[in-house]
1. Check the stretch 396-412 and report whether any residue there is outside any loop (DSSP other than H, G, I, E, B), closer than 25 Å to GLU368 by Cα, modelled with pLDDT of 90 or more and charged (D, E, K, R).
2. Could you please find all residues in the stretch 178-196 being open to solvent by 40 Å² or more (accessible area, probe 1.4 Å), of a type outside the set (Gly, Ala, Ser) and not in a helix (DSSP H, G or I)?
3. Consider the stretch 221-245. How many of its residues are open to solvent by less than 60 Å² (accessible area, probe 1.4 Å), farther than 22 Å from ASP194 by Cα and not acidic (Asp, Glu)?
4. Of everything in the stretch 294-334, what is open to solvent by less than 30 Å² (accessible area, probe 1.4 Å), under 12 Å from the mean Cα position of the chain (by Cα) and under 30 Å from LEU133 (Cα atoms)? Give them in sequence order.
5. Those residues that are within 29 Å of the chain's Cα centre (by Cα) and of a type in the set (Lys, Arg), I need them from the stretch 104-128; list them, please.
6. Report yes if SER202 is closer than 18 Å to ASP172 by Cβ, assigned to a loop (DSSP other than H, G, I, E, B) and of a type in the set (Gly, Ala, Ser), otherwise no.
7. Of the residues ALA167, ALA250, which is of a type in the set (Gly, Ala, Ser), assigned to a strand (DSSP E or B), at pLDDT 90 or above and out of contact with any Pro (no Cβ under 7 Å at 6 or more places or on another chain)?
8. If you take the residues of the stretch 60-103 that are part of a loop (DSSP other than H, G, I, E, B) and aliphatic (A, V, I, L, M), which of them is farthest from the chain's Cα centre (by Cα)?
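The values are calculated or read from the model by the stated rules, or taken from the named source; none is laboratory data. All of these numbers come straight from a predicted model, not from anything done at the bench. Positions of Cβ are generated from backbone atoms using ideal geometry, with glycine treated the same way; all protein chains shown enter the neighbour counts. Just the protein is used for accessible areas: all its heavy atoms, side chains included, with ligands, DNA and RNA removed. Shrake-Rupley method; radii C 1.70, N 1.55, O 1.52, S 1.80 Å.
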Amino acid sequence: MITEKSVKELENSQAALTLTLDAASIEEAYSKRIQKYAKELTIPGFRKGHVPTSVIERKFGDAIREESTFDAMEDALKEAYQSLEKKDQPIAFSTPVLQDEDKLVPFKKNSDITFTVVYDIMPRFELPKYTGLEVEIPEVEITEEDVDKEIERYREQNAIVRSKDGAAESGDIVTVDYIELNEDGTEIESTKRDGFTFTLGSGYNFYKLDKEIEGMKTGEEKTVTKTYTEEDDVPGYSGKTVTLRVKLTALKSRELPAVDDDLAQDIKEEYKTVADLRKGIRENFQKRVDTALQHDKENAILDKLATETEIAVPESMIKAQLDSHWRQFVRQMGITEEQMEKFMAMQGSSKESIQNEWKESDLKVVKEQLIMDKIRDTENFEISDEELQKACDEELKNVPESERDSYKDMIKDELQFAKVLPFLLEKNTFKNGEKKSYASFMGL
C-alpha cells in the first residue's frame with residue numbers, strides 16, 4: 001500500500017516521483033511469493049508441492065524478497081501513475097529510471113520502502129504570439145522559358161527512336177558493356193556490367209563515361225582511364241584512378257517532333273493548337289505553384305513559431321521521432337532493416353550516423369508538433385456532433401459498437417488538430433519575398 005506520494009518537476013522536461021510502500025504490503029507480497037514457490041519448486045528430499053516454507057526461505061529467501069519487492073514497487077508505480085495529474089504523468093516514450101538502487105538493496109524485513117523514479121513528462125512552455133503575424137514567402141514567376149522547357153520534355157516523350165549509324169553524340173541512346181581493369185590489365189569480374197543503356201549526356205551511369213563514349217561507333221571498344229574527384233559524385237571513388245574497358249554495343253537516336261498543332265493534339269485531345277498547349281502548361285504550372293506555396297506558408301509560419309519558442313524537448317521524444325524516421329526511410333528503400341544496415345556498413349555509414357544527421361531537423365519536427373498540440377488545446381476548436389459522428393463512422397467501421405466510445409476523444413483530438421494549420425493560415429498574413437522562377441522554386 002502507498003502511504004506517501006510526491007512529484008517534483010525537474011529540468012529538461014523530467015519529473016521525479018517518490019513513493020513510500022508500507023512494510024505490511026511488502027511482507028504480504030513476499031509471503032505470497034514464498035507460498036507460490038513452495039508449490040512449484042522441486043527440491044531433493046521433498047515431494048513437489050510439499051517443500052516447507054522455512055526451507056524455501058533459507059535457500060532462496062533473499063532472492064525472493066528482492067523479486068517480490070521489485071514487483072510490489074512496479075505495481076505501486078502503475079497505481080500511482082493513474083492518480084497523477086496528466087501534466088505529471090510519464091510520456092509514452094519514456095522509461096522511468098529507478099534512482100539509487102544500490103541504497104535500496106538488500107531489502108530489509110518488516111521495513112517501509114521509499115523509492116524514487118525519474119521519467120520524461122510533456123514539456124511545459126509558453127506559446128509565442130501566433131496570430132496577426134506577417135510571414136514572408138517566395139514570389140514565383142512562370143516564364144516563357146519554363147513553358148519552353150516543358151514543351152521540350154513533351155517532345156522527348158513523343159520522340160521516335162531509330163537505330164543509328166555513325167558516331168555517338170550527346171542525346172543518343174547508347175548500350176554499353178564495361179568492366180574495370182587491374183594495373184596489369186586483368187579484368188575485375190565483380191565490376192562487369194553488360195547491356196547497360198542510358199542517354200548520352202545525362203550522366204546516368206556510375207562511372208560518368210558520357211564524354212568518353214561520344215564519338216564511338218557501334219562495335220567499337222576502347223580502354224578509358226579516369227581520375228575522380230568529389231565533384232564527379234562517384235561514391236567511393238573520389239581521389240582514385242580507374243581503368244575501364246568499354247564497348248559500344250548499340251546506338252540509337254531520337255527524332256523529336258516539330259512543335260506544331262499535331263504535337264499539341266497528341267499531348268492532350270482538348271489542345272487544338274500550340275497556343276492551347278502553352279496555355280494549358282501555364283495553368284498546370286500555376287496549380288503546382290499554388291499547392292507548393294500552400295506548403296510554404298504552413299512551413300514558414302511553423303518555422304517562425306518554432307524559432308520563437310523555447311521548449312526543453314525530452315530525449316525520449318526525440319528518439320521516438322528518429323526511430324519513426326528510420327522505419328519510414330527503410331520502408332521507402334524497399335528492403336529490410338538488416339539489409340539496410342549491412343549496406344550502410346559497406347559504405348562506412350550506420351544507422352546511428354544517419355540519425356545524427358537527422359537530429360536537428362527531427363527536433364524541429366517535434367517542436368512544431370508540440371506547438372500545434374498546444375494551439376489545438378488553447379483554441380479548443382469546435383467539432384460538431386455530425387462531424388464527429390461522420391469521422392467515427394469512417395475510422396471505426398471495423399470496431400464493435402460497444403467499444404467505439406473509448407475512441408471518440410482520440411478522434412475528436414485528431415479533428416481539432418487538423419484545424420490548426422487552416423487556422424494559422426487564416427489568422428496570419430503572408431507577403432511576397434524573394435522572387436523565384438518556376439524552375440528554381442520547384443527544384444527543377
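1. So far as the stretch 396-412 goes, yes, one or more of its residues are outside any loop (DSSP other than H, G, I, E, B), closer than 25 Å to GLU368 by Cα, modelled with pLDDT of 90 or more and charged (D, E, K, R).
2. Once the filter is applied, which keeps residues that are open to solvent by 40 Å² or more (accessible area, probe 1.4 Å), of a type outside the set (Gly, Ala, Ser) and not in a helix (DSSP H, G or I), the stretch 178-196 yields ASN182, GLU183, ASP184, THR186, GLU187, ILE188, LYS192, ARG193, ASP194.
3. 1
4. The one that is open to solvent by less than 30 Å² (accessible area, probe 1.4 Å), under 12 Å from the mean Cα position of the chain (by Cα) and under 30 Å from LEU133 (Cα atoms): ILE318.
5. ARG124
6. For SER202, the condition - closer than 18 Å to ASP172 by Cβ, assigned to a loop (DSSP other than H, G, I, E, B) and of a type in the set (Gly, Ala, Ser) - is met.
7. ALA250
8. LEU84
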